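Report on the structure given below.
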Amino acid sequence: MRRSIFWLASALALASSSALQSQTPALDSLITLKMTDANVMGLAAAVIVDKKVVWMKGFGYADWQRTRPFMPSTVMNVASIAKPFVGVAMMRAVAAGKLSLDSDVNQYLPFRVVNPYRPAERITLRHLATHSSSITDRWEVYRQTYRFGGDPTEPLGEFLAAYFTPGGKYYAKDNFLEARPGELREYSNIGAALAGYIVERAVGAPVNVYTKRNIFTPLGMTHSGWFMREVDMKNHSTLFVSQNGQTVPILHYGGTTYPDGGLRTSVEDLSKFFIAMLNDGAFGGVRILDAPSAAEMRRFQFTDGNRPTNFPAEDGNSGLFWRTKFNGLRRGHGGNDPGVEVEMLTDESRRVGVIYFSNTSLSGTDRKATGDIFNALWKYGETQRKNP
């Protein structure tokens with residue numbers, strides 16, 4: 001009975017495919033024009049109003065041969081949108097008493113993580129989740145974590161131990177900032193991966209296994225996974241890089257530090273997760289996170305008393321793997337990686353939300369196309385609120 005109720009609720013929340021792809025000629029024309037101008041191969045998006053999808057559509061193609069339309073059900077990498085999934089897993093472990101946001105992370109690890117410039121200062125999960133841990137991504141190491149042509153082969157724990165342990169293969173003092181934890185904001189993918197590894201040890205399962213069991217399956221996210229082996233690659237978009245007026249396909253890739261950006265999902269699937277986050281952790285009669293934990297993820301963590309010195313109030317604020325963008329006007333998360341431009345953002349009221357996937361990396365003035373399309377989708381959502 002519970003399963004039947006869930007699928008009925010899901011159907012009502014997402015509505016029918018024909019209804020979600022209703023006639024929106026002005027919006028469709030703008031999207032198509034901007035895609036052409038910037039050489040975007042394919043994209044899909046969803047507009048959410050009052051925790052319901054009111055519009056969902058795909059444009060362009062998911063392959064170089066232009067034989068597969070890019071659909072809301074098309075799977076692709078979503079880069080740093082993976083981090084809120086780690087955040088949910090982390091907050092579930094906190095709610096279960098298995099982790100504390102403000103304890104020294106070393107009590108959860110088989111190796112020690114100590115900033116050599118501030119050895120007496122502890123690093124916490126709250127630091128990791130707000131990118132204020134003093135851990136930095138040393139590029140000559142981090143770039144090696146990308147594996148083009150297949151899933152990663154180096155175990156996450158082994159990489160992290162080698163990065164943080166003096167004498168380790170990847171260790172250097174430059175893996176840290178010359179600042180105490182909490183003093184500076186430095187976006188750190190490796191810090192996020194460390195949080196994911198801590199969650200793994202606390203819950204007794206890898207992030208990919210735990211999130212499938214406790215997020216993907218309950219929400220009916222049937223096209224989502226972390227590794228190529230976990231998704232239908234026939235439904236996976238090719239990724240492209242637009243440069244010098246040409247759109248060039250690139251190899252599929254995975255990452256050793258996969259909790260920081262290895263998630264593969266679709267607009268259709270992600271809309272279920274996003275609605276759950278907008279709805280205090282619940283979607284379609286299923287709860288993936290209790291309401292207080294969801295509120296803590298969204299809550300602004302920086303105050304006048306603990307704000308990083310390089311992150312003034314006008315630049316925005318941070319939740320726990322949940323952040324502000326567009327000068328603090330939008331909240332949620334986005335992501336960029338080779339062949340990937342994605343956004344999952346709402347406003348303070350959580351009344352309007354937009355999910356945007358593009359399978360094409362842009363640079364220079366072409367990046368403006370992404371902003372123009374996102375803004376048009378947002379305006380459509382606001383219009384739907386005024387004229388339901």
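Does at least one position in segment 270-278 carry a residue that is of a type in the set (Lys, Arg) and touching a residue at least 60 places away in the same chain (Cβ under 8 Å)? Yes, segment 270-278 contains a residue that is of a type in the set (Lys, Arg) and touching a residue at least 60 places away in the same chain (Cβ under 8 Å). For segment 231-248, which positions are surrounded by 15 or more Cβ atoms within 10 Å (Cβ to Cβ) and either within 20 Å of Pro152 (Cα to Cα) or polar (S, T, N, Q) (or both)? Hits for segment 231-248 are Val231, Asn235, His236, Ser237, Thr238, Leu239, Ser242, Thr247.
Pairs are defined by a Cβ separation below 9 Å, a sequence spacing of at least 6 or placement on different chains, a first member in segment 180-196 that is on the phi > 0 side of the Ramachandran plot, and a second member that is in a helix (DSSP H, G or I); the pairs so defined are Gly182/Arg126; Gly182/His127. Among the residues of segment 84-107, the one identified as closer than 22 Å to Ile288 by Cα and in contact with a strand residue (DSSP E or B) (Cβ under 6 Å, 6 or more places away or on another chain) is Pro84.
Every residue, every condition in (1) touching a helix residue (DSSP H, G or I) at 6+ places or on another chain (Cβ under 9 Å); (2) among the polar types (S, T, N, Q); (3) part of a loop (DSSP other than H, G, I, E, B); (4) within 20 Å of Asn279 (Cα to Cα), yes or no:
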residue	(1), (2), (3), (4)
Phe321	yes, no, yes, yes
Thr324	yes, yes, no, yes
Gly328	yes, no, yes, no
His333	yes, no, no, yes
Met344	yes, no, no, yes
Glu348	no, no, yes, yes
Ile355	yes, no, no, yes
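Screening Ser361 with (1) touching a helix residue (DSSP H, G or I) at 6+ places or on another chain (Cβ under 9 Å); (2) surrounded by 15 or more Cβ atoms within 10 Å (Cβ to Cβ) gives one miss only, at (1). When Pro72 is tested against (1) surrounded by fewer than 23 Cβ atoms within 10 Å (Cβ to Cβ); (2) part of a loop (DSSP other than H, G, I, E, B), just one condition goes unmet, and that condition is (1). Among the numbered conditions (1) more than 14 Å from the chain's Cα centre (by Cα); (2) at pLDDT 95 or above; (3) crowded, with 20+ Cβ neighbours inside 10 Å, the only one that Gly261 does not meet is (1). Picking from residues in segment 239-295 that are in contact with a strand residue (DSSP E or B) (Cβ under 6 Å, 6 or more places away or on another chain) and among the hydroxyl-bearing types (Ser, Thr, Tyr), the one that is nearest to Ser363 (Cα to Cα) is Ser242.
Taking segment 104-139 as the range and being within 18 Å of Ala172 (Cα to Cα) and of a type in the set (S, T, N, Q) as the test, the residues that pass are Asn115, Ser133, Ser134, Thr136.
Of all residues in segment 157-179, exactly one satisfies the criterion of being in contact with a Gly (Cβ under 8 Å, 6 or more places away or on another chain) and without any contact (Cβ under 8 Å) to a residue 40 or more places away in the chain, namely Ala162.
When each of Arg147, Arg122, Arg138, Arg112 is tested for being over 25 Å from Gly254 (Cα atoms), crowded, with 16+ Cβ neighbours inside 10 Å and of a type outside the set (Ser, Thr, Tyr), the lone residue that passes is Arg122. Under the condition of being β-branched (Val, Ile, Thr), part of a helix (DSSP H, G or I) and buried (at least 18 other Cβ atoms within 10 Å of the Cβ), the residues counted in segment 20-69 number 1. Taken over segment 303-319, residues that are in a strand (DSSP E or B) and without any contact (Cβ under 8 Å) to a residue 12 or more places away in the chain amount to 0.
When you check Phe374 against the structure, is it in contact with a Phe, Trp or Tyr (Cβ under 7 Å, 6 or more places away or on another chain), of a type in the set (Phe, Trp, Tyr) and not in a strand (DSSP E or B), yes or no? So Phe374 fits the description; yes.
The values are calculated or read from the model by the stated rules, or taken from the named source; none is laboratory data. The structure displayed is predicted, hence computed values, not measured ones. No Cβ is skipped: glycine too gets one built from the backbone with ideal geometry, and neighbour counts run over all protein chains shown.
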